[in-house]
Each structure stands twice: as structure tokens, then as C-alpha cells.
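Worksheet for the structure shown next.
Just so it is clear, none of the values below were taken in a lab; they were calculated from the coordinates. Keep in mind that this is a model prediction, so the values were computed, not measured. All Cβ positions, even for glycine, are placed from backbone atoms using ideal geometry, and neighbour counts span all protein chains on display.
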Amino acid sequence: MNIPIPVPITELKEGELYFEVISSNNGYYFYVIKIKKNKLEPESEKLLVISYSKLENYNIFSEIIDFNTVWNYSSVKYDFIKMQIIDKSSSDKTFFYEFDNEWFLKNKQKILSYMNSTYLSSSEKSLQNIFQEIEMEE
């Protein structure tokens, strides 16, 4: 598989894994998520329910023993825009990327070497840039 690419929120499928990137004033936060529910209609009642694993914790057993924490994105607190979800109270933006288990596990240490835990300073590279650099190394 090539590097992960951004996924529109309308294309997120229940039961599938994705990278989640939260962009805040402090920097970027990264997780591996599983879509529990994706309800985007009607407009006034949008809801995306996910469970997640921290990037550094994700391994071949994660689908069995991890993904215990659930998070809800609802239209009450968030704006749903084609490629992102924006927190109405803080302007944090959440993006989703394709996830390939084999590619991630093969490159996990390289990805983690670019960041401190699940966090990457906003002055550093974006996840997309990291993926591109890792792909070029291969």
C-alpha cells in the first residue's frame, strides 16, 4: 500500500480502522481509531462514534485487547465538514486517513521516531509529510 491518504468523513465505514489526526493550537495528536457508528443524516443530528488506541500502543493484538475508550462527535459540539470535524468551542480540527495494518506495523517505529508519544508539535511536520518521508526511505 502507498502512504495513507485523507478520507472524507462520509466515506468512513463502521468497523474499519483509520488514523485520526487532531490539530490543535498545541500541535497534532494521533490515534488509531475504529468506527463504531457513522450517522451523518439528518444534518441536525450528525454523530460519529469511535473507539481508539494510542499510536504507540497499537500492535497485532490491539483489535482484541484495545479500543476500550469510546468518543462521540455529535453535531451539538462539532461541525462536520467534508474532510474534517471542527470543535465548535476550540476550533480543534480532526482529520481521518486510510489505515493499512501491515504498512503501519512495518513502519511503526519510524512513525513514532518523528513524534513524542501521540503528539507532534505544530512547528514540526504533518502526518502526511511523515508518511511521504517514510515511503521515500523504503
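Helix-only arithmetic for the chain: the sum of -39500 (n - 2.57) across DSSP H runs with n ≥ 4, divided by the residue total, places the mean residue ellipticity at 222 nm at -6000 deg cm²/dmol. The H on the amide N of LYS36, modeled in the peptide plane, is under 5 Å from the matching H of GLY15, VAL49, ILE50, SER51, each at least 5 residues off or on a different chain.
Couplings 3J(HN,Hα) of region 82-95, computed from phi: 2, 9, 7, 10, 10, 6, 5, 8, 10, 6, 4, 10, 10, 10 Hz, in residue order, whole Hz [Karplus 6.51 cos²θ - 1.76 cosθ + 1.60, θ = phi - 60°; x for Gly and Pro].
Extension gain, GLU137 to MET83: 0.36 nm times the residue separation minus the Cα-Cα distance gives 16.6 nm. Remark: region 69-77, residue by residue, has Karplus-estimated 3J(HN,Hα) of 8, 10, 10, 10, 9, 10, 5, 5, 10 Hz, where x stands for each Gly or Pro and the curve is 6.51 cos²θ - 1.76 cosθ + 1.60 at θ = phi - 60°. Could you work out how far helix 101-113 tilts from the main Cα principal axis of the chain, as a 0 to 90 degree angle to the nearest 10? Helix 101-113 and the main axis of the chain meet at about 70 degrees.
Taking each of LYS13/LYS46; LYS39/LYS108; LYS54/LYS110 in turn, the alpha-carbon distance tops 24 angstrom for LYS39/LYS108. Projected label points at LEU112 and ASN129, each 7 Å from Cα along the beta carbon direction, are separated by 2.3 nanometres. Taking R0 as 41 Å, what FRET efficiency do you get between ASN59 and LYS37 from their Cβ-Cβ distance, rounded to the nearest 0.05? Efficiency for this residue pair is about 0.95.
Karplus-based coupling profile of region 36-51, in residue order and whole Hz: 8, 8, 10, 10, 10, 10, x, 3, 6, 10, 5, 8, 10, 10, 10, 10, with θ = phi - 60° in 6.51 cos²θ - 1.76 cosθ + 1.60 and x standing for Gly or Pro. Multiplying the residue separation of VAL76 and SER51 by 0.36 nm and removing their Cα-Cα distance gives an extension gain of 7.1 nm.
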